[in-house]
Structures are given as structure tokens and as C-alpha cells.
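The values are calculated or read from the model by the stated rules, or taken from the named source; none is laboratory data. For clarity, every value in this text was computed on a predicted model and none was experimentally measured. FYI the Cβ positions are ideal-geometry reconstructions off the backbone, even for glycines, and counts take in every protein chain you see. Accessible surface is based on the protein model in full, side chains and every heavy atom, while ligands, DNA and RNA are left aside. Shrake-Rupley method; radii C 1.70, N 1.55, O 1.52, S 1.80 Å.
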Amino acid sequence: MANGADRVRNEISGGDIHGNVFQGEHVHVSLGQPGRGPAPTALASLPPLLVDPVGRADASEALLGLLAPPAAGTGPVVVPAVAGLAGVGKSTLALAAAHEAVRRGWFPGGVLYVELHGYRPGAAVSGDQALGALLRALGVRDDDVPPTAEGQTALYRSELAHRAAGPGAVLVLADDASSAAQVLPLVPADARHRLLVTSRDSLHSPTLPVRLLPLGVLPAAEAGELVATALRRARPEDLRAAGGPGADGPEPLAAIAEHCGYLPLALAIAAALLVDDPGLPLTELAEELADTGSRLDALRHGDDGGTPLAVAGAFELSYRRLGADAARVLRLTALNPGPDVSTEAVAALAELARPAARRHLAALVRANLLAEQPVGSGRWRAHDLVRLYARHLVGQDGAEERTAAQGRLWRYYLDGVRAAGAHLPGQTGGPGSADNRFPDQAAAFAWFDSERANLTAVLGLPTTEHRAAVELGVLLTGFLSYRNRPDETLDVARRTLRVAQAADEPRLVAAASLGLSLALHIVGRSAAATETLYRASELLRDRDDLKPDIGVLRQHGMGLIHTGRFEEGVEVLTRALTACREQDDRRLEADTSVILGSALNFLGRHDDALALHTSAVALCAEVADPHLEAEADSALGSTLLKAGRHAEGLTALLRAHRRYHALGDRHSEILVLSEIALALIGAGRYWAALEAWQEARSACRDLGSRFEEANVLQGLSIALELLGRTGEAADALTRALKLYKALGLDEEADAVRKRLGKLRRSPRSAAPTSGRRRTSARR
């Protein structure tokens with residue numbers, strides 16, 4: 001009898017077994033599907049590339065660099081993920097890069113393509129479903145697909161390993177993923193293969209460390225070219241975007257691209273609308289898209305029975321995947337009227353703590369519906385079309401919720417302006433201002449700078465809170481004037497006055513008139529500024545039920561002084577001082593004494609000015625206003641110098657400088673340093689004067705104040721000339737001349753030009769021996 005080995009015959013053929021194998025007599029297992037021949041494969045399944053990605057040279061190069069064969073076949077698997085807003089062109093870029101990689105021969109083992117439909121409700125392909133599709137594409141028959149996810153993953157990686165050992169590397173393109181779970185089963189084990197993913201979300205997770213390639217909108221020129229190329233492709237004779245005879249010209253094409261937000265999907269839809277209607281002028285489509293209320297409706301194509309393609313529909317698919325809190329935050333951000341929004345403003349809008357607000361904002365960034373620009377700044381910006389979509393969504397919320405959110409936003413900005421306004425020279429903040437929000441003037445002004453566009457836009461929102469709106473406008477006017485933005489200052493001041501006039505409250509009109517007069521002075525319209533203040537003061541004078549408005553009287557008096565009407569100015573300022581005393585306002589009494597004393601100096605009444613400025617210094621000690629103390633010391637120092645008491649005057653000016661420096665008020669430092677330098681020149685201390693002006697120039701550069709720098713350079717040239725450094729003095733005047741010319745100040749430029757010519761004709765002189773150098777002007 002034959003032994004057992006002769007009797008047992010086991011045979012397995014047709015593939016791999018995943019699981020246990022039991023031996024028995026004459027067992028034959030066939031893993032092949034019923035039928036003859038191998039299963040079909042789909043290893044060249046890339047869809048055709050219908051259009052080239054316009055304006056994506058850098059992104060294409062970066063992506064191809066990640067798809068290139070590795071130097072060695074070991075190491076971690078690279079998973080490039082092209083991420084960006086819906087319609088930004090992720091699939092086009094990935095498809096073009098895949099075709100180019102195949103052309104270069106990088107993936108001889110084949111290319112697999114799977115559309116994951118990650119954002120289509122009810123149609124999203126799961127990771128397991130995608131894995132099954134890829135196994136079939138690799139030639140695995142349905143009956144051979146393991147029943148478990150683990151078995152399918154093992155078979156998928158085994159098939160890829162066989163191909164790596166045989167034909168070579170394989171590229172897998174997984175398009176439109178919405179989660180890491182869809183992609184994770186598709187990651188190959190062999191580093192020679194590549195998995196390329198596209199998604200509207202940032203798919204990076206602890207389990208899937210993808211290499212993100214964020215894709216933004218197109219540059220303006222390339223966006224216009226996308227539309228022009230589409231028109232030429234459809235009809236080579238279409239001249240509308242050609243730029244030659246019969247063309248509409250570049251302006252309407254640029255306007256269409258801008259209204260589309262340079263988003264490829266929107267641009268493609270606009271081009272399709274133009275192709276559908278070859279007689280439609282570009283100017284007409286540009287005008288239609290200019291209407292923000294109907295722009296999203298216009299950016300829709302295919303309503304005539306075909307599959308509709310719409311920008312709003314693409315955004316809708318992303319929006320539906322958001323959590324409820326993140327979706328609410330997106331809607332509420334549309335209520336902010338400016339170009340971007342801070343984390344703190346969003347927290348106020350949504351009634352959230354700052355950390356919670358940032359978490360929801362970060363979720364919107366992951367969904368590519370918002371961007372933090374720059375990263376880490378706490379400022380968030382949406383694409384223009386996303387903003388319109390969010391505005392549409394919030395319009396569907398209840399009116400009560402919208403009104404409440406807008407009220408919270410108003411209060412946030414008003415409180416911020418009050419707190420920051422407290423750091424403006426001569427201000428102490430409005431009622432209820434959070435004075436400790438900003439530690440110094442630099443922090444306050446940094447907030448002003450970052451929120452400037454939002455504050456200007458908020459002022460244009462409809463509101464019944466007229467008093468708050470006027471307060472915001474007045475403080476914003478002061479900030480803009482301080483930042484040397486004359487056109488913006490005048491625009492905001494005029495809008496503030498319109499708000500006040502709509503409220504029909506004389507005191508609000510008077511407050512707004514103050515701001516407008518300041519703006520008019522800045523743009524050189526002194527007569528109009530004085531007339532504005534005169535009307536405001538007369539308005540209050542005719543109202544017996546109102547106390548005299550000290551602010552209006554003071555500004556009116558200063559306006560008269562500036563226009564050379566000194567006696568009238570002193571009379572109005574004296575009325576303002578009397579009103580201060582009658583209303584027992586010690587702070588305003590001190591401030592008005594400073595102003596009136598300076599006006600009296602114009603008339604040569606230095607003794608009267610000295611009495612007022614001495615009184616102002618004493619009053620400041622009572623009210624404990626550091627900035628006003630500095631102003632009073634500065635005014636007293638100037639008056640003492642005019643009275644011939646140079647040592648006392650210089651002491652007061654140096655004291656004022658120390659106060660301004662401690663307050664971080666660089667602008668006032670510049671002014672007082674210049675006056676100190678002139679006093680030092682008068683005392684023959686030329687080196688100390690030089691150092692004072694050098695310090696003032698450094699402050700000018702810190703502030704970016706070119707006008708003040710030009711003024712300081714003139715003073716600097718005086719000290720240099722007196723020290724015998726004529727060449728350097730001429731250089732300083734030359735720089736001052738360039739600044740004045742750049743600012744369009746012809747009168748100042750002519751004066752410097754004359755002085756420069758005189759200086760160049762004069763012989764050099766030795767440095768005066770009385771000009772001893774000091775180590776610092778701050779003494």
C-alpha cells in the first residue's frame with residue numbers, strides 16, 4: 001500500500017489565499033472567476049485632459065516634483081494632496097500633472113483613477129468602495145475580492161507590490177476626497193508608488209500625513225486669459241477678447257475676471273455664457289456681474305435641460321459638510337462689512353469665547369472657505385464669491401438674530417475705538433471705554449491700522465444708534481488725520497456729519513462739525529473749516545436749552561487763528577475758557593488754557609500767555625492726565641522762551657519730552673524735540689541741537705511721517721551748517737526737497753530750493769567752539 005504522501009494531493013491555483021489552509025486528500029482550489037482568461041484591467045484610466053491649467057506653472061512644477069520617482073525605493077510614502085476652494089481648479093491641475101508624469105515614463109506600472117464624489121450628498125464613495133473599484137481595475141475578479149476591509153487592503157497592497165517588482169511604479173489619482181477615511185485605505189505600502197489626492201478640505205490628520213499643496217485663485221492677467229482662450233477655442237473668429245480691431249478691449253475682460261474673483265470655475269462659467277451668446281458684448285456681461293446682489297445667480301450655466309453648473313452650487317456642497325457651529329460662524333462673518341475680520345470680532349458676532357471662535361474659524365479654513373492672512377495674524381478673509389454666498393445664507397436667518405449680531409459687532413468696534421481713541425493726543429477716551437485694552441499708543445494705533453477698513457465700512461451701515469455712530473466717526477476722523485490720510489479723513493468726517501444731521505441733534509452736529517473742520521484744515525481748506533465751525537457754534541448759541549459746546553468753541557477759535565483772524569480767535573477761545581469754568585470742567589479748563597495761551601502768543605501777549613500756561617500746569621497736576629501734562633509743559637516751555645527765560649523754557653520742554661516719550665507719543669515727541677533743538681541753537685549748544693534733531697528724524701521714520709521728516713531735515717541742516725558741516729547740511733536739505741516734492745508741497749519745496757542754493761554758494765566755515773557735543777538731548 002502506498003504511503004500517505006503518495007495518497008495526499010493538494011493543489012491551489014489562480015491567485016493568493018488570505019486566511020487558513022487545511023490539508024486533505026486530493027483537494028483542488030481554483031481562485032479564478034468562472035470563465036476563461038484573465039480578468040480585464042483598467043491601468044490607463046485617467047480621464048482626458050480637456051483644457052490646460054492656465055496660470056499654474058509654479059503649482060504644476062511643485063506637484064510634479066512630488067510625483068517624481070524617488071532616489072531610492074525606500075522611505076515614507078508621499079501622498080500629495082491638492083487642496084483649495086471649490087472651483088479653484090484642483091482636479092484640472094492634478095489631471096494635467098498625472099498626464100505629464102505618465103508622458104515622462106514615471107509610472108510604467110499603470111495609472112488608476114477613482115472619483116470619490118466626497119461632497120455629493122448620498123453619492124460619496126467610501127474608502128472600502130474605492131478600494132474595491134481599484135482592485136477590479138488591477139484585474140481582481142469580484143469573486144476573488146476578500147470579504148473584509150483588512151483582506152481587501154492586504155490584496156490591494158500585494159497587487160501593487162507585484163506591479164512594483166514587475167512593470168514598475170503605479171500612480172493612483174483619488175479625486176474629490178472629503179475626508180481622510182476615504183483616502184487612507186488607498187495608500188500604497190511601496191514608496192515607489194504615488195497616491196495623488198484632491199480635496200476642498202485640508203486632509204492632513206495623525207493617521208494620514210499628506211503633503212498639502214494649497215491652490216489659490218489665478219493672477220489677474222491669467223484669469224482674463226482663461227476667458228479669452230475659451231472664446232478662441234470655441235470660435236477662432238471670436239474677437240471680443242482678442243484686443244484688436246472689433247474687440248471690446250482689455251477693460252471689460254479685466255472687469256469680468258475681477259467680478260469672478262479670479263476663480264477658475266466662475267471664469268469658465270462666464271466664458272460659457274459668452275460662447276452661448278456670441279453677440280453679447282463683454283461690457284454687458286461685466287455690468288451684469290458688477291451687481292453683487294445678483295452675481296451668484298448670473299454665474300450659472302446649463303439651466304436648459306443640461307447638468308447645471310453654478311458657483312453657488314459648488315459652495316453649497318462644501319457648506320453642507322460643516323458642523324452647525326462652523327456653519328453659523330461662516331454666515332455671521334458676512335455681516336462684517338470690511339474686507340477681513342478679526343477673531344475678536346467674530347467672537348463678538350457669534351457670542352463665543354475667543355478660543356471657541358478660533359476653533360470654528362480654523363474649521364472653515366480646513367474647508368477652504370476662509371483663509372487666515374497672514375497665518376497667525378488672527379485676521380480672516382473669505383473669497384469674494386464665498387462672501388456673497390455667506391451673505392445669501394445669513395439673509396435666510398431670522399431678522400432678530402441678524403439684528404442682534406450686528407448690534408454686538410457695533411459695540412465691539414465702538415468699544416475698541418473708544419479704548420484706542422484714549423491714546424490719541426488730547427483724548428481720554430469715551431464713556432465706557434476699556435482704557436486698559438491697549439497698554440500704549442503703539443498697540444492702540446496698531447489696532448486702528450488693522451481695523452481701519454472695517455471701521456470706515458461700519459460707519460456706512462444703517463443704524464438708529466446715531467450718538468454711537470457720531471462718536472465712532474469723530475474718533476476715526478482723529479485717527480486718520482493723525483495717520484496723515486487726508487482724503488479718508490475728509491470722507492469719514494463728511495459721512496459722520498450726515499449721520500449727525502439725520503439724527504437732528506444739535507450737539508451731535510456740533511461734534512461732527514469738529515471732525516469735519518479738522519479734515520478741511522488738513523486738505524488746506526481753512527476758510528471752509530472755519531465756516532463749518534462758525535455754523536456749529538451759532539447752532540448751539542441759538543439754543544437756550546444747551547450749554548455752550550466747549551469743543552466747538554475751541555475748534556472755532558483755532559480755525560480763526562489759522563486763517564489769520566487772531567483777535568476774533570482769542571475772543572472765541574476766551575468764551576470757551578469761561579464755559580469751562582462755569583461747567584467746572586477742570587480738565588477742559590487746563591486744555592483750553594493751553595490753546596488760548598498759544599493764541600495770545602500770536603498777538604505778542606506773552607505775559608498773559610505765561611499766566612494761562614502756568615495755570616494749566618497746575619490744573620494738570622489736579623486732573624492727573626499725563627498727556628495733557630505733557631501738552632501744558634510744552635506750551636509753557638515755548639512761552640518762557642518767547643518771554644526770554646531760556647533756561648526755564650528749555651527745562652519745561654525737556655520735561656514735556658520725557659512725558660511724551662513715556663506715553664509712546666512719537667508724533668508729539670517730534671514736535672517738542674524740534675523746539676528743544678531750536679532752543680539749544682539759541683543757547684549756542686549746536687551739538688546737542690544736532691542730536692535732538694537726529695532723534696526727531698528717527699521718530700519720523702518710525703512713524704513713516706514724510707512731512708514731519710522733511711521739516712526735521714530742515715532743522716538738522718541748520719545745526720550742521722552752524723557746526724561747519726556744510727556738505728552734510730546741503731545733503732539734508734536735498735533730502736527734504738525730495739520729500740516735499742513727493743508730497744506735492746510746492747511752496748515748501750521752493751523755499752528749501754532757495755535755501756539750498758544759498759548754502760551751496762556760501763564758503764565752508766569752521767565749527768563754532770561754543771557748540772560742545774552732548775551725549776543726549778534728553779536731559
Would you work out which of ALA310, LEU285, LEU361 lies farthest towards the positive end of the dipole of the chain, given +1 charges on the beta-carbon of Lys and Arg and -1 on that of Asp and Glu, about the Cα centre?
LEU361
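Which FRET efficiency, nearest 0.05, do ASP415 and ASN484 yield, Cβ-Cβ r, R0 22 Å? Mind showing how you got there, number by number?
Working: r = 26 Å, r/R0 = 1.17.
Between ASP415 and ASN484 the formula returns 0.30.
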Among beta bridges that DSSP assigns inside the chain, antiparallel share in %, nearest 5:
25
Counting only protein heavy atoms, what percent of the accessible surface of the stretch 93-132 is carbon or sulfur at a 1.4 Å probe?
49
At 1.4 Å probe size, with the rest of the protein present, what percent of the exposed accessible area of the stretch 384-523 is carbon and sulfur atoms?
50
Listed highest first by mean packing, meaning other Cβ atoms within 10 Å per residue, what order do 272-285, 498-511, 173-186 come in?
173-186, 498-511, 272-285
Place a label point 7 angstrom from the Cα of GLN129 along the Cα-to-Cβ direction, then list the residues of the stretch 170-190 whose backbone nitrogen is under 20 Å away.
173-187
Within the stretch 483-521, list the residues whose amide N lies under 17 Å from a label point set 7 Å along Cα→Cβ of ASP750.
none
Amide H within-cut-off set for LEU196, under 5 Å, with H built and near neighbours excluded:
VAL172, LEU173, ALA174
log₁₀ of I(q)/I(0) at q = 0.24, 0.26, 0.27 Å⁻¹ - the stretch 324-395, Debye sum with one point per alpha carbon
-1.09, -1.31, -1.44
Whole-number accessible area per residue in Å² for the stretch 706-758, which is evaluated in the context of all protein chains at 1.4 Å:
47
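Carbon-plus-sulfur fraction of the accessible area of the stretch 601-641, 1.4 Å probe, in percent? Could the numbers behind the result be given before it?
On the way: 890 of 1580 Å².
That fraction is 56 percent.
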May I ask you to derive the FRET efficiency for ASP276 and ARG359 from their Cβ-Cβ distance with R0 = 35 Å, giving the value to the nearest 0.05?
0.20
Could you let me know the centre-to-centre spacing of the stretch 447-461 and the stretch 61-118, using Cα atoms, in angstrom?
44
Please give the per residue accessible area of the stretch 142-245, computed with a probe of 1.4 Å over protein heavy atoms only, in Å².
43
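Accessible area per residue, 1.4 Å probe, Å², for the stretch 602-662: what's the number? Working shown, then result.
Working: 2700 Å² over 61 residues.
Each residue of the stretch 602-662 exposes 44 Å² on average to a 1.4 Å probe.
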Descending packing, highest mean Cβ count within 10 Å first, for 321-331, 59-69 is 321-331, 59-69
Two-site FRET efficiency, ASP297 against HIS204, from Cβ-Cβ distance with R₀ of 41 Å, rounded to 0.05
0.70
Where the centroid of each part is defined by its Cα atoms, how far is the stretch 360-426 from the stretch 175-215 in Å?
32
Run down the aspartates and glutamates and flag those whose C-alpha is under 19 Å from the C-alpha of LYS758, throwing out any fewer than 8 positions away in its chain.
GLU721, GLU728, ASP731, ASP746, GLU747, GLU748, ASP750
If I model a spin label at SER762 and GLU284 as a point 7 Å from the Cα along the Cα→Cβ vector, what separation in nanometres do I get?
7.2
Could you give the nm distance between label points at ASP52 and GLU237, where each point is 7 Å from its Cα heading toward the beta carbon?
2.6
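What is the chain by shape, rounded, prolate or oblate, if you read a ≥ b ≥ c off the alpha carbon gyration tensor as root eigenvalues and call it rounded for a/c under 1.5, prolate for a/b larger than b/c, and oblate otherwise?
It is prolate, given that a/c is not under 1.5 and a/b is the larger ratio.
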Student exercise, the chain dipole from Lys, Arg, Asp, Glu Cβ charges, in Debye to nearest 20
2560
At 7 Å along the Cα-to-beta-carbon direction for both ASP440 and SER91, put a label point, then send me their distance in nm to one decimal.
5.5
3J(HN,Hα) from dihedral phi, the stretch 591-598, Karplus parametrisation 6.51/-1.76/1.60, rounded to Hz, x for glycine, proline:
5, 5, 4, 4, 5, 5, x, 5
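What does the helix-only formula give at 222 nm for the chain: each DSSP H stretch with n ≥ 4 adding -39500 (n - 2.57), the total divided by the residues, and the result rounded to the nearest 500 deg cm²/dmol? It would help to have the intermediate numbers written out before the result.
Values: 33 runs with 458 residues, N = 779.
Theoretical 222 nm ellipticity from helices: -19000 deg cm²/dmol.
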